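For reference, the structure is listed below as structure tokens.
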Amino acid sequence: MIELMIKVFALSTALSIAIKYGAPVLSIAPAITTVLIAVWLPTTIMTVILTWRWQQRQAQEGSR
């Protein structure tokens, strides 16, 4: 369990550093489309992944 916590902490730290120092280089124009993509894309990706996993689990339970 501690290994998982260390991995999550390390990835979170790396992401934080990447955002802090990498984001100013990108210079993305502030537009409503950009905001909507930034807000909805992670949720959409997680929805697709979790739905896919759920369907796989349902298929495995049905084949037993």
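Is it fair to say residue 48 is assigned to a helix (DSSP H, G or I), of a type in the set (Val, Ile, Thr), at pLDDT 95 or above and open to solvent by 80 Å² or more (accessible area, probe 1.4 Å)? First the steps, then the outcome.
On the way: assigned to a helix (DSSP H, G or I): yes; of a type in the set (Val, Ile, Thr): yes; at pLDDT 95 or above: yes; open to solvent by 80 Å² or more (accessible area, probe 1.4 Å): yes.
Yes, satisfied.
Which of the residues that make up the stretch 1-34 are in a helix (DSSP H, G or I) and of a type outside the set (A, V, I, L, M, F, W, C)? Quick ask: steps written out before the conclusion?
Within the stretch 1-34, the first condition is being in a helix (DSSP H, G or I), and the residues that meet it are 2-26, 32-34.
Hits for the stretch 1-34 are 3, 7, 12, 13, 16, 20, 21, 22, 24, 33, 34.
Can you say whether residue 64 is assigned to a helix (DSSP H, G or I) and open to solvent by 90 Å² or more (accessible area, probe 1.4 Å), as far as the supplied structure shows? Can you show your working first?
On the way: assigned to a helix (DSSP H, G or I): no; open to solvent by 90 Å² or more (accessible area, probe 1.4 Å): yes.
Taking the combined requirement at face value, the residue does not satisfy it.
I'm checking my understanding of the structure. Among residues of the stretch 23-45 that are among the polar types (S, T, N, Q) and surrounded by 10 or more Cβ atoms within 10 Å (Cβ to Cβ), which one is nearest to the chain's Cα centre (by Cα)?
Of all residues in the stretch 23-45, those among the polar types (S, T, N, Q) come to 27, 33-34, 43-44.
Then keep just the ones that are surrounded by 10 or more Cβ atoms within 10 Å (Cβ to Cβ); that gives 34, 44.
Working: 34: 17, 44: 9 Å.
Selected residue: 44.
Quick one: how many residues across the stretch 6-22 are more than 17 Å from the chain's Cα centre (by Cα), open to solvent by 70 Å² or more (accessible area, probe 1.4 Å) and either at pLDDT below 90 or not hydroxyl-bearing (Ser, Thr, Tyr) (or both)?
2
The values are calculated or read from the model by the stated rules, or taken from the named source; none is laboratory data. Remember, it's a predicted structure, so these values are computed and weren't measured experimentally. Please note: Cβ atoms are built from the backbone with ideal geometry, for glycine as well, and neighbour counts cover all protein chains shown. The accessibility values were calculated without ligands, DNA or RNA, using every heavy atom of the protein model including side chains. Shrake-Rupley method; radii C 1.70, N 1.55, O 1.52, S 1.80 Å.
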